[in-house]
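Heads up, the thing below is written out as structure tokens.
Values quoted throughout were computed directly from the atomic coordinates according to the rules given, and no laboratory measurement underlies them. Treat the numbers as computed from the prediction; the structure is a model and nothing was measured. All Cβ positions, even for glycine, are placed from backbone atoms using ideal geometry, and neighbour counts span all protein chains on display.
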Amino acid sequence: MKGLNSTGAPAGGNATTVEDDERYRYLLKNGIVRRVEDDNKIIFAELPQIPGVLVVYRKPSERASNPERLNLDKRELSHMPLLEGEERLRLLNLQHNHIQKIENLVSLPNLIFLDLYNN
């Protein structure tokens, strides 16, 4: 079995749908689920290994429908979440939250626009 990268996907290659769904199930089972949205396509959870850090994960079908954009506006977020599996993300909308510190962007190498209006 190959090792896993920081997103829970196999290291050295693209994740498949089954593997991504395994990550989703892992977050549901082992995380402290704070919210599930859009017909179970987006999960917001905290992991015991990284307390206080909200992890946001989109199912593959949701990510495939809009891989370069993610809207997390008006979610009452107090911290920037850790976004798993979002390497292709170019635009991140975090408007109208309560974020005071920019963080957790290291896993977003293609991000070119970060909207933090009204935080």
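Neighbour counts of C-beta atoms inside 10 Å place 56, 36 in the sequence 36, 56, starting with the fewest. Couplings 3J(HN,Hα) for the range 24-37, derived from phi with the Karplus relation 6.51 cos²θ - 1.76 cosθ + 1.60 (θ = phi - 60°), are 4, 5, 4, 5, 4, 7, 9, x, 8, 6, 9, 6, 10, 10 Hz, where x marks Gly and Pro.
Put in order of Cβ neighbour count within 10 Å, fewest first, the listed residues 111, 83, 105 become 105, 111, 83.
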